[in-house]
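FYI, it's all coordinate maths here, none of it is from the lab. Every value quoted in this text rests on a predicted model; they were computed, and no experiment measured them. Using ideal geometry, Cβ is built from the backbone for each residue, glycine included, and neighbour counts are taken over all protein chains shown.
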Amino acid sequence: MPLSRARRARDHRTPVLVALMLAMALIAMDTTIVATAIPQVVGDLGGFSLVGWVFSIYLLAQTMTIPIYGKFADLYGRKPVLVVGSVVFLVGSVLSAFSWNMVALIVFRGLQGLGAGAIGATVQTLAGDLYDIRERGRIQGYLSSVWGISAVVAPTLGGVFAQYASWRWIFLVNVPIGALALTFIVRGVHEHVERQPHRIDWAGATLLFLAAGLGMFGLLEGGTTWAWWSAPSLLIFGAALVVGLAAVAVERRAPEPVMPPWLWTRRLTAGSYLATAMAGLAVIGLSTFLPTWAQAVGGLGPVAAGFVLATMSMSWPVASGLSSRLYLRIGFRDTAVVGALFAIAAGAVFVLMGENAPVWQPVAGSLLMGAGMGLITAPLLVGLQSTVEWGERGVVTGGAMFSRFLGQSLGAAVFGAVTNAVLLARLDAAPASLKGAVPGTVDEVSRALSGHPSAEAAAFMRAALNASTHAVFVALLVFALATLVILLALVPRHFPTLSSGATTERTPTTGSARDN
């Protein structure tokens with residue numbers, strides 16, 4: 001039976017759950033808090049042309065290392081990986097705060113990303129260890145709520161630091177949060193890991209690191225620094241493919257592969273990963289371009305536009321927290337199917353939006369999308385964790401997290417290419433009477449709208465932006481439909497769960513939590 005309210009009140013796992021939420025907050029706040037203070041960072045350090053790498057290097061380092069940390073968590077335990085990752089992240093934060101130029105900041109942000117990779121996957125793995133199948137949905141709701149709260153708090157905090165103190169505090173604020181998380185983790189988590197010699201697959205880890213890094217680099221830079229079909233893009237993606245094939249060959253022969261081949265050959269894991277990646281791909285389009293539509297087309301202010309998107313962050317953790325009630329009745333796959341239907345409904349709401357759509361329409365779409373994501377990601381992750389023993393839970397969780405981040409990176413590239421192509425076509429088709437009043441490049445549209453264009457020019461540019469974001473919403477609907485097809489065609493309806501309990505002989509314990 002689920003824990004009673006009285007038992008929850010004295011649950012010895014609670015301090016560790018708080019630590020996991022604090023650790024998750026470190027990486028959840030990072031991007032938005034940094035983005036808010038970027039003008040002040042550039043004003044102090046210079047290097048505006050390199051500012052994109054402040055974010056890209058962090059995302060690269062984080063995504064590339066997730067599968068590697070997942071394997072290390074299976075070999076040596078969750079606690080040392082999470083502790084080391086948190087320390088690396090905090091060291092990177094302190095060094096970032098004391099950066100003396102933009103290049104130094106980029107290097108230290110890469111160090112932060114190396115720590116973030118360990119935190120993201122290991123937090124989810126440890127949560128799967130501590131809680132049984134009936135509780136994991138609720139715990140996913142708690143962890144997802146961290147992202148929702150961070151989406152609101154982090155930009156505000158970043159703006160306050162940048163305006164009233166110094167941009168360097170956007171990094172230093174991580175120190176007390178991380179220190180508190182580490183205290184709870186060190187004191188509260190006690191693992192019983194069987195100590196035995198391991199043959200670490202360094203060759204496979206290196207090749208996976210390089211393949212993922214090259215692929216991510218190509219996605220981040222393609223369409224911006226160079227054209228998609230240019231020589232640099234073809235060279236980078238070709239190298240990623242060659243290195244990736246070499247990694248597959250090495251992993252097949254390794255006695256303890258970093259990313260076991262069965263993760264991608266079994267329908268259960270491969271289908272779940274593909275659905276997770278597709279869901280991540282869809283949601284990044286909304287996160288990136290809905291604020292643009294809300295401000296440039298809908299006429300909302302920055303705060304109101306932020307609230308429209310924040311509604312997704314509100315419904316996501318609620319749906320995640322309630323997902324266990326559904327997957328315990330109808331199963332993990334069918335719960336994710338319900339989530340895909342919510343995402344499809346959200347896509348339909350956005351596709352039907354016109355230039356003069358009332359504000360409730362994007363709010364309703366965001367709520368539906370958040371509910372869909374919560375019902376897709378949480379059941380698939382919990383379901384996968386429930387099909388493996390302790391010694392494989394790290395790689396399974398790492399694969400899921402890696403798929404989600406990779407999907408988001410691919411989505412950013414795809415949606416960016418779509419909106420740029422549509423917007424540029426509209427600008428090129430501007431009537432002769434507006435040729436001097438309408439910019440000729442995509443990057444200048446927002447700047448032109450924020451100036452004082454004529455009513456005719458402003459209406460034309462808003463219509464062009466509406467067309468480009470509408471194309472994004474159509475693509476979002478297509479990817480939501482693709483998620484549904486993947487779930488129905490590739491993911492088995494029944495997950496062969498090992499047991500409903502959370503513990504094995506090597507599971508972390510927190511005081512009397514071992515008796516739960």
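Projected label points at T225 and A421, each 7 Å from Cα along the beta carbon direction, are separated by 2.3 nanometres.
Using only alpha-carbon positions in the range 84-164, the gyration tensor eigenvalues give semi-axes of 30, 18, 7 Å once each is multiplied by 5 and square-rooted (largest first). In plain terms, if you count all Cα to Cα distances in the range 172-234 and split them into 5 Å steps from zero, the share in each step is 3, 13, 10, 8, 8, 12, 18, 10, 7, 7, 2 percent.
Projected onto its three principal axes, the C-alpha set of the range 4-95 covers 54, 32, 19 Å, listed from the longest axis down.
Per residue of the range 119-129, what does 6.51 cos²θ - 1.76 cosθ + 1.60 with θ = phi - 60° give for ³J(HN,Hα)? Whole Hz please, x for Gly and Pro, Karplus curve as stated. Going residue by residue, I get 5, x, 6, 6, 4, 5, 5, 5, 5, x, 6 Hz, with x marking Gly and Pro.
Rg over Rh for the range 134-258 works out to 1.11, both radii taken from alpha-carbon positions and Rh defined as the Kirkwood radius. Treating the Cα atoms of the chain as identical point scatterers in vacuum, please give the log10 of the normalised Debye intensity I(q)/I(0) at q = 0.07, 0.09, 0.10 Å⁻¹, two decimals. These q points yield log10 I(q)/I(0) values of -0.38, -0.64, -0.80. Only one residue of Q361, A181, A104 has its Cα farthest out toward the positive end of the dipole of the chain, where Lys and Arg carry +1 and Asp and Glu -1 on Cβ, and that residue is A181. Between the beta carbons of T497 and R195, assuming R0 = 45 Å, the FRET efficiency works out to 0.95 to the nearest 0.05.
Which shape class, rounded, prolate or oblate, goes with the range 366-441 when its Cα gyration tensor gives a ≥ b ≥ c as root eigenvalues, a/c under 1.5 marks rounded, and past that a/b bigger than b/c marks prolate?
Numbers: a/c = 7.19, a/b = 3.23, b/c = 2.23.
Cα axes put the range 366-441 in the prolate bin.
Less than 5 angstrom separates the built amide H of R13 from none of the residues sequence-distant by 5 or more or on a different chain.
Here the chain is assigned +1 on the Cβ of each Lys and Arg and -1 on the Cβ of each Asp and Glu. Its dipole about the Cα centre then comes out at about 1100 debye. Were the residues from L488 through R253 laid out at 0.36 nm apart, the gain over their Cα-Cα distance would be 81.3 nm. Residue-wise HN-Hα couplings along the range 241-248, as the Karplus relation 6.51 cos²θ - 1.76 cosθ + 1.60 with θ = phi - 60° gives them from phi, are 5, 5, 5, x, 5, 5, 5, 4 Hz; Gly and Pro carry x. Amide H contacts for M259 (H built 1.01 Å from N in the peptide plane; partners 5 or more residues away or on another chain; cut-off under 5 Å): none found. Rounded to the nearest 0.05, the FRET efficiency derived from the C-beta distance between A203 and V242 at R0 = 22 Å is 0.90.
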